[in-house]
1. Condition first: acidic (D, E), away from chain A (no Cβ under 11 Å) and in a loop (DSSP other than H, G, I, E, B). Now tell me which residues in region B:50-78 satisfy that.
2. So in region B:165-178, with the set limited to residues that are within 12 Å of chain A (Cβ to nearest Cβ) and under 17 Å from A:T27 (Cβ atoms), which one is most open to solvent (accessible area, probe 1.4 Å)?
3. Do we have B:Q291 as farther than 21 Å from A:L45 by Cα, at pLDDT 95 or above and either of a type in the set (S, T, N, Q) or in the same structural domain as B:R310 (by TED's automatic domain parsing) (or both) here?
4. Are any of the residues in region B:264-287 open to solvent by less than 50 Å² (accessible area, probe 1.4 Å), outside any loop (DSSP other than H, G, I, E, B) and away from chain A (no Cβ under 14 Å)?
5. Within region A:185-206, how many residues turn out to be at pLDDT 95 or above and within 30 Å of A:E164 (Cβ to Cβ)?
6. Check B:D156, B:D209 and return the single one that is touching a strand residue (DSSP E or B) at 6+ places or on another chain (Cβ under 7 Å), modelled with pLDDT of 95 or more and acidic (D, E).
7. Could you pull out every one of the helices (runs of 4 or more DSSP H) wholly within region B:89-178 that has 1 or more residues that are in contact with a Gly (Cβ under 7 Å, 6 or more places away or on another chain) and of a type in the set (G, A, S)?
8. Scan region B:179-204 for residues that are within 14 Å of chain A (Cβ to nearest Cβ), open to solvent by 30 Å² or more (accessible area, probe 1.4 Å) and either in contact (Cβ under 8 Å) with a residue 60 or more places away in the chain or assigned to a helix (DSSP H, G or I) (or both) and report the count.
There are 2 protein chains.
Amino acid sequence: MKALDDALLITPGPDLVYFTGLRPPMTERLTMLILPARVLVVPALEHPGDLPGLEVVAWHDGDDPYALVAELLREPAYAISDSAWAMHLIALQQAAPHVRFTSMTATRPLLRAVKSEAEVALLAAAAAAADATYEQILSVRFRGRTEVRIAAELSDLLQQHGHEQVDFTIVASGPNGADPHHHIGDRVLTEGDMVVLDFGGLKDGYGSDTSRTVHVGQPSEEEQQVFDIVRTAQQAAFEAVRPGVACQEIDRVARGIIEDAGYGQFFIHRTGHGIGLTTHEPPYLVRGEQQPLVPGMCFSIEPGIYLPGRFGVRIEDIVTVTETGGRRLNTTDHGLAIVS
Amino acid sequence: MKALDDALLITPGPDLVYFTGLRPPMTERLTMLILPARVLVVPALEHPGDLPGLEVVAWHDGDDPYALVAELLREPAYAISDSAWAMHLIALQQAAPHVRFTSMTATRPLLRAVKSEAEVALLAAAAAAADATYEQILSVRFRGRTEVRIAAELSDLLQQHGHEQVDFTIVASGPNGADPHHHIGDRVLTEGDMVVLDFGGLKDGYGSDTSRTVHVGQPSEEEQQVFDIVRTAQQAAFEAVRPGVACQEIDRVARGIIEDAGYGQFFIHRTGHGIGLTTHEPPYLVRGEQQPLVPGMCFSIEPGIYLPGRFGVRIEDIVTVTETGGRRLNTTDHGLAIVS
């Protein structure tokens, strides 16, 4: 699947890990893998030693690395890593004015989006670790403790289950749940709180990302109703997954159910995002994205309803596309768990 | 000093902290402060609430944030943050084809390079914390312990002295010292090792970065000689600091002394880099950099000699430019400390 014959400019980050396994820092000193030339341009300070199949060209402080790269560009156009620095891109555009530079996500959306079996297995293992974390957090006491405290327990559990990196541990309680990207704070959880849990990171280099909504004590009728709408939307979106369906169709299905129930204005984000060496990458399940699903793609399905000043609900699984439909990598129960 | 009337496009990172204090994540969802319009474009999910003096414009998943920004651009050219993502820049170049986008470091090298008195005080406090860390590490046992272990102690000490973030803790012992950016490993320190220590991070948002070279037991005559050359070069470079002198001149002075001593080929990096809200930023003390020094600039002076397969030496202070010369923010002794 690795597009070694394509015209790509790869900078430190997930693309470089994908092609070389290298994880140098992204800095003001240019590091760039040029494909299909198979030349890795590096600052001399970061020389990785010999690499099979690649020519390593080192530059020294005071040299012009952009002129060096420009001389190595043989193709009329290259797609450059999404997170490449603007300062590097602008200098390259000046050094190679006849070369066209395009956006990786815009022009090579499938570069890392279709996972190999080995990658799906790694994502499944990361998901299993996140699921084990969720199962264990259910037996923790929520009442009387702060969001920060519960988040710290999520972080500890993810690491205990093999994550080398924890990227986010959202604990959004009561009215905080209405903010999908709530930053955890000192709010003390109390009887009657809906609590959105959304956590993940990297295990063996591959991402986890799951959300469940729990309730401190028994929910009200309205809370249960809103919860059930999200659960139905998540299930319907999952069932819509199969090869050839456009990404935006999955979003449309989830959104349709929430709109039909009268909560459309409160589902304020896209339905999902790809996951792999990062926790956000193509494909994006969003209005306007016509990319058809392909077996091996892995992404989140995470509809939600956010009622300002009151509460929020989100349910999120990582799903992989199979030949005939979708398979959930997160498999914990979708019901509204009651915590103490 | 804040260039609110300049034409700038600011993305998450140190530039955005500088202008707004905000620290949103850098993601595939565009966040951008447009100056001089004073409009902050944000994903609705990351809405920071009202901000005095700024208009906040939120966009939703499925909207085109680049078309939105393009409509807000009134100037013929904008400098964009160095670390802005290439995917965002390319999409903006397409959405606003008549606007010219320039590199912040290339066209606005002074944006954050000249520090206010308050900023110098914060950098001095960060340097003092790093100095206290160095003083304490000297009484730690080096012999028989791994680089990783010593690095962990440096990290703990930096945090004890008020760092909220530790960015690097290089412990490069014996032959590892010949790699300026050595990644710490399991090498056990032993009698006769030169050891380069280089550590820093952020304290109250501002960077620290200092290097000292120590020796396990008594050094050989040659080791002491190489050490003294680096020490002399560092001192001479420091004494060359005064307003109006070009950045490259500081590099030339340090390099000249090392070259005259016959070690020029072993000083394999620039002499220094600016420091502030990040640990690497303009001005860069490097061959070709003609920017004159300005009072308030703060940067490292860190010459070194690296002998492949044998050992390395580096001495690094953060220095601020005064009206009449330079002032060191790191003030620990420059001598070759003997550790046990």
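1. B:D50, B:E75
2. Ranking the qualifying residues of region B:165-178, first place goes to B:D167.
3. yes
4. No, that holds for no residue.
5. Looking only at that region, the number is 14.
6. Testing whether each residue is touching a strand residue (DSSP E or B) at 6+ places or on another chain (Cβ under 7 Å), modelled with pLDDT of 95 or more and acidic (D, E) leaves just B:D209.
7. B:117-137
8. Residues in region B:179-204 being within 14 Å of chain A (Cβ to nearest Cβ), open to solvent by 30 Å² or more (accessible area, probe 1.4 Å) and either in contact (Cβ under 8 Å) with a residue 60 or more places away in the chain or assigned to a helix (DSSP H, G or I) (or both): 1 in total.
The values are calculated or read from the model by the stated rules, or taken from the named source; none is laboratory data. Model, not experiment: these values are computed from the prediction. Backbone-built Cβ (ideal geometry, glycine too); neighbour counts: all protein chains shown. Calculation scope for accessible area: heavy atoms of the full protein, side chains included, ligands and nucleic acids excluded. Shrake-Rupley method; radii C 1.70, N 1.55, O 1.52, S 1.80 Å.
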